[in-house]
1. If you average the sequence gap of Cα pairs under 8 Å that are 6 or more apart and divide by the length of the stretch 67-117, what percent do you get for the contact order?
2. What does the stretch 1-74 give for Rg and for Dmax, in Å, if only its C-alpha atoms count?
3. Arrange the peptides 147-156, 40-49 so that the one whose residues have, on average, the most other Cβ atoms within 10 Å appears first.
4. Can you list the DSSP H helices in the chain whose Cα atoms extend at least 24 Å along the helix axis and whose mean Kyte-Doolittle hydropathy is 0.0 or higher?
5. Taking the full set of protein chains and a 1.4 angstrom probe, give the accessible area of LEU162 in square angstrom, rounded to the nearest 10.
6. Putting +1 on Lys and Arg Cβ atoms and -1 on Asp and Glu Cβ atoms, find which of PHE203, GLN224, ALA276 reaches farthest to the positive end of the dipole of the stretch 200-316.
7. For a quick protection proxy, order the peptides 50-57, 268-275 by their average other-Cβ count within 10 Å, most packed first.
8. Find out how many positive minus negative residues lie around LEU136, taking Lys and Arg as positive, Asp and Glu as negative, among other residues whose Cβ is under 15 Å from that of LEU136.
Amino acid sequence: MNEIKLFRFLGIDISIDPSWLVVVFLFAWSFYAQFQEEFPSQSAAVLIVAAGITAIVFFASVLLHEISHSLVAQARGVPVEGITLFLFGGVSRMKMEAPRPRDEFLIAVVGPLTSLGLAALLWGVVTLGRGALAPLVLEAVGSLGWLNLLLGVFNLLPGFPLDGGRVLRSILWARSGSQARATTGAARVGTFIATGLIALGLFAVFAGDLGGLWMAAIGWFLMQAAAAEAREVVVRSALEDVTASDLMSPDPVSIPFEATIAEAVDDFFLRYDHSAFPVVSDERTGLLTLRAVRQIPRDYWDVRQVWSAMTELADLPTVPPEAPMTEVLAQLREDADSRVLVVEDGRIVGIITPRDVARWVRRNVELGLRDAF
């Protein structure tokens, strides 16, 4: 299931992952249980509404945390694709890394500072609102203050990819002059912290507190994210000064424009270990993928020609042969069916897939040309 786009704010797309709905329900349930214990005489309907609103407001504060990251990133020249709220909070999707350590520091630190500022603001409302606001409202606002304090402090932990880990990376980067080494060091600290969270969570579960499962899940998520960042360092290091022409699979086999789908399957997809083939004529060029073929009923394979199922070249991600691999990586998606076409003078001269990138990196590491980190 794909992300659900909610709205656009200052040029930033705001979306939610379906998993976010689960955690909102859990938070609302937790708030309801808290309010029910504090205000047993209050009606269930009022408590349910209060719990739902409090949960939504909390995630609005999480969104504000991410918006602060994105606005500072844009101000520092780092484009932002959007913000997504999901099971473990929120994430700002940036199109590139911060160009300098100072930019990284400012982008990272503003999020926790925003959460801590919100905590102070909410507690100020509680202090000034005593006697003017209903006790249930004060309880909700105070709880939101504590949650924002926890959000800010937790994100300041120096473990990548938490904000504190990115602050740590910016400091290591400024000292060493190497973003790769800084990322590796921050990712190792992140793995250590994630391991500690998992251990504490499991200990709590064995002690009878099922809430420890949430801590262990967050630790597991952080460990996976830290490992992914470390792998990204390996990839980027191996692809330094590499162009698309160095890495592409050159001169890809192409399917005749007038061939039928059945001929494409028998003569190409079943014969070669590829999931896509160029379709070329004097006037038009495109790409026929295995995914597109699977969407065509078998009864039509003998009568439909490949051009009717291909994706036009203009609708595909393309780069020139001299394009740096960093540009190619920005266009490659993580799913197995992604690819970038290398085009010269309107002709497809090569194809790059995630498998090509992985093979290049593996060869460099095996030959000792790059560190495995």
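1. 39
2. Just the Cα atoms of the stretch 1-74 yield Rg and Dmax of 15.4, 49 Å.
3. In descending order of packing, they fall as 147-156, 40-49.
4. In the chain, the long hydrophobic H runs are 18-38, 44-75, 101-129, 135-155, 179-206, 212-238.
5. Ignoring ligands and nucleic acids, LEU162 comes out at about 10 Å².
6. PHE203
7. Details: 50-57: 18.1, 268-275: 13.4.
Ranking the peptides 50-57, 268-275 by packing returns 50-57, 268-275.
8. Summing Lys/Arg as +1 and Asp/Glu as -1 gives -2.
The values are calculated or read from the model by the stated rules, or taken from the named source; none is laboratory data. Values in this document were obtained by computation on a predicted structure and should not be read as measured data. Using ideal geometry, Cβ is built from the backbone for each residue, glycine included, and neighbour counts are taken over all protein chains shown. Protein only, heavy atoms only, side chains kept; ligands, DNA and RNA dropped before computing areas. Shrake-Rupley method; radii C 1.70, N 1.55, O 1.52, S 1.80 Å.
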